[in-house]
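The values are calculated or read from the model by the stated rules, or taken from the named source; none is laboratory data. Everything quoted here is computed from the prediction, not taken from an experiment. Quick reminder, even Gly has a Cβ in these numbers, built from the backbone with ideal geometry, and neighbours come from all protein chains shown.
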Amino acid sequence: MSEYKFAVVGAGSIGVGWSIVFARAGYSVCVFDIKPEILDRFWVQINSKLKLLAENDLLQEDLEAISKRITTTTELSQALTGADYVQECGPEELQIKQNIYKKLEELSSPNAILASSSSALTTTQFASDLPTKHRCLVVHPGNPPYLLAIAEVVPASFTSNHCVEETFKILRSVEMAPILVSHEPKGFVFNRIQGAVLREAYSLVRDGVISPQDLDLIVTEGLGKRWSIVGPFATAALNVQGGIKAHAARMGQSYFEMGQSRGQNEPWSAELIEKVSKDIEIKLNNSDWLINVEKRDLALMKITKLLLEIIKP
Ligand SMILES: NC(=O)c1ccc[n+]([C@@H]2O[C@H](COP(=O)([O-])OP(=O)(O)OC[C@H]3O[C@@H](n4cnc5c(N)ncnc54)[C@H](O)[C@@H]3O)[C@@H](O)[C@H]2O)c1
């Protein structure tokens with residue numbers, strides 16, 4: 001196993017989350033924040049989250065062994081010394097991220113990867129002026145990253161391929177699931193999907209179609225439960241025998257009209273359907289359609305059983 005050393009810059013909720021990810025994978029991580037009292041709060045959070053993970057059998061070793069790999073400092077240069085990978089977790093403000101990145105550029109090892117947890121600000125916005133901008137990119141986690149394994153890897157046009165490849169390697173070594181997001185779209189992908197759902201949810205409540213609580217129920221008892229097993233494309237492929245193409249033929253017009261009622265004019269073109277079908281059906285071969293539907297149902301049964309246990313009085 002390669003010996004990576006990690007630095008986390010900003011010890012708020014996402015800094016806590018990433019620190020657990022890196023230390024849980026066996027690596028040492030040094031965490032910086034601007035004030036000692038913030039680091040005191042950080043330790044309270046680390047200890048309570050590790051304890052909960054241990055109580056739920058989600059740690060493979062003693063929590064002390066994991067927390068011993070974490071150190072904290074108010075000296076940025078100390079956190080960055082020898083770090084191969086820096087995860088910036090400062091506030092979501094352009095000026096602050098620009099200032100942090102200037103310091104990271106100055107104080108980090110020249111080959112260190114400078115990854116930002118940014119939710120919406122892009123690498124182009126905060127790192128364009130840096131001499132070594134080729135090693136900068138966004139690695140946006142879900143919250144909390146030690147439970148949601150995905151990380152959106154969003155390079156700028158100037159980020160080197162080598163930096164992206166190394167980032168993938170490093171993230172996989174800490175058991176994260178890196179996802180490449182191209183062209184720095186506003187809100188990246190995680191929040192764009194979340195945003196699309198929220199936009200429609202607000203509109204439906206505004207129009208008196210449904211109450212907010214019932215809207216949430218549609219997700220927790222319906223869409224969300226299913227999406228924890230299969231994504232929206234795989235859902236479409238498994239909902240209609242014949243897969244993506246059959247689903248699009250049956251439902252495409254109806255979804256197009258729903259979009260039209262919100263001022264959108266974006267039908268799914270034949271080429272787009274073909275692209276999605278090719279990619280999704282590599283995993284969900286149509287000839288195994290019934291088997292795949294059964295697998296989904298079995299997973300749903302297990303989740304349903306677990307949820308019933310959790311909510312039992
Ligand atoms: N909270 C979420 O759900 C979530 C999810 C994904 C990504 N993010 C992103 O992660 C980043 C951190 O978010 P958070 O929720 O942990 O915020 P937070 O406010 O909890 O923590 C930010 C930390 O940065 C520290 N800080 C302030 N100035 C600093 C500086 N100059 N240098 C270093 N640290 C500094 C603060 O003291 C604080 O501890 C943001 O970019 C945010 O958009 C947040």
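Within the stretch 110-150, the residues that satisfy the criterion of being in a strand (DSSP E or B) and within 10 Å of the ligand (Cβ to nearest atom) are 116, 138, 139, 140, 141.
Candidates 259, 231: the one that is at pLDDT 95 or above and closer than 29 Å to residue 148 by Cα is 231.
Residue 96 passes all but one of (1) farther than 23 Å from residue 171 by Cα; (2) not in a helix (DSSP H, G or I); which number fails? It is condition (2) that residue 96 fails.
Taken over the stretch 9-64, the criterion of being among the hydroxyl-bearing types (Ser, Thr, Tyr) and more than 16 Å from residue 89 (Cα to Cα) is satisfied by 27, 28, 48.
Scanning the stretch 75-89 for residues that are closer than 30 Å to residue 130 by Cα, more than 11 Å from the ligand (Cβ to nearest atom), buried (at least 23 other Cβ atoms within 10 Å of the Cβ) and of a type in the set (Phe, Trp, Tyr) turns up at least one hit. Of the residues making up the stretch 100-109, those that are away from the ligand (no atom under 11 Å from the Cβ), not hydrophobic (A, V, I, L, M, F, W, C) and not in a loop (DSSP other than H, G, I, E, B) are 105, 106. In the set 13, 28, 67, 19, only one residue is among the small types (Gly, Ala, Ser), free of Cβ contacts under 8 Å to residues at least 60 places away in the same chain, within 13 Å of the ligand (Cβ to nearest atom) and within 19 Å of residue 86 (Cα to Cα); that residue is 19. Residues of the stretch 1-10 that are on the phi < 0 side of the Ramachandran plot and either within 13 Å of the ligand (Cβ to nearest atom) or touching a Lys or Arg at 6+ places or on another chain (Cβ under 6 Å) (or both): 7, 8, 9.
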